[in-house]
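Contents: one structure, followed by commentary.
The values are calculated or read from the model by the stated rules, or taken from the named source; none is laboratory data. Note that the structure is predicted; figures quoted are calculated from it, not measured. Quick reminder, even Gly has a Cβ in these numbers, built from the backbone with ideal geometry, and neighbours come from all protein chains shown.
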Amino acid sequence: MGPLACAAGLLHALLAAWMGWPPSPSGHAAGAAVAGAMGGERFLYFAYGSNLLAERLRINNPSAERVAAARLDGYRLDFGYMSPRWGGHAATVVPQPGRVVWGAVWSVGQEHLDDLDRQEGVQSGVYVPIQVDVHSSDGRKLHCRSYHLQEQPPTPLPEGLLITEGRLPSKIYWQVIVQGARETGLPSDYIDFLEKIPHNDFMGNFSIGQLASNLHEINTPLDNK
């Protein structure tokens, strides 16, 4: 096991112990969560950034239940808005033919819709809500709420370029995304892609072992994903 995998495992164990959240729902529970969304009591949310990680999402949205890993076709993962709290650029999805973004589909209670919007900085014009159709790893087509930056990066990104030097995520933000991808069970080749994304080495004034106690500090509007 490499150092990144070890660090990710430590991060997950520390966060899980600190937050005390239950494991991801079983297939039966996930089906019930989708049914609840269809009935209007809940909504489906496609996350691709730091909200891949259950502990991070549930700070503001404790009703969130992971439904499935899913693929968004015709988009690429990119970074744009400079987040002062995270110390780097935040994630977004940008339309680009032939590209895909993997993420987590969450079922969230309607009572937390405004909370999620606030976390995403919707009222401040940082992110805007969008509706997307994604394909789950078990073959379902799911209609989900998601978000992208109001001010999107240029498109298309040149072939073979993961990200430009002018909009790198921080190391701590990147680690949360990678750990969330592992927790969600995203495809190994996509996790490999995430691990190759360059970052700016910023870890803030804390180590991985101190991340759990700092998630609440990081958790402010506009510093969301």
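Looking at the range 107-133 only, could you name the residues that are in contact with a His (Cβ under 8 Å, 6 or more places away or on another chain), over 24 Å from Arg85 (Cα atoms) and crowded, with 16+ Cβ neighbours inside 10 Å?
If the condition is that a residue be in contact with a His (Cβ under 8 Å, 6 or more places away or on another chain), over 24 Å from Arg85 (Cα atoms) and crowded, with 16+ Cβ neighbours inside 10 Å, then Val132 is the only one that fits.
What single numbered condition from (1) closer than 27 Å to Pro198 by Cα; (2) touching a Cys at 6+ places or on another chain (Cβ under 6 Å) fails to hold for Leu57?
(2)
State whether one or more residues within the range 108-123 are assigned to a strand (DSSP E or B), at pLDDT 95 or above and farther than 28 Å from Met203 by Cα.
Within the range 108-123, one or more residues are assigned to a strand (DSSP E or B), at pLDDT 95 or above and farther than 28 Å from Met203 by Cα.
Quick grid of which residues meet (1) at pLDDT below 95; (2) basic (Lys, Arg); (3) farther than 22 Å from Arg56 by Cα; (4) not in a helix (DSSP H, G or I):
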{"residue": "Trp106", "(1), (2), (3), (4)": "no, no, no, yes"}
{"residue": "Arg145", "(1), (2), (3), (4)": "no, yes, no, yes"}
{"residue": "His148", "(1), (2), (3), (4)": "no, no, no, yes"}
{"residue": "Gly166", "(1), (2), (3), (4)": "yes, no, yes, no"}
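Restricted to the range 49-102, and to residues that are touching a residue at least 60 places away in the same chain (Cβ under 8 Å) and of a type in the set (Lys, Arg), which residue is nearest to Ser136 (Cα to Cα)?
The selected residue is Arg71.
Glu65 passes all but one of (1) charged (D, E, K, R); (2) surrounded by fewer than 21 Cβ atoms within 10 Å (Cβ to Cβ); (3) at pLDDT 95 or above; which number fails?
For Glu65, the exception is condition (2).
Only one of these conditions is not met by Tyr190: (1) more than 28 Å from Pro84 (Cβ to Cβ); (2) surrounded by fewer than 16 Cβ atoms within 10 Å (Cβ to Cβ). Which number is it?
Among (1) more than 28 Å from Pro84 (Cβ to Cβ); (2) surrounded by fewer than 16 Cβ atoms within 10 Å (Cβ to Cβ), Tyr190 violates only (2).
Could you tell me whether Ser137 is surrounded by 22 or more Cβ atoms within 10 Å (Cβ to Cβ) and out of contact with any His (no Cβ under 6 Å at 6 or more places or on another chain)?
No, not satisfied.
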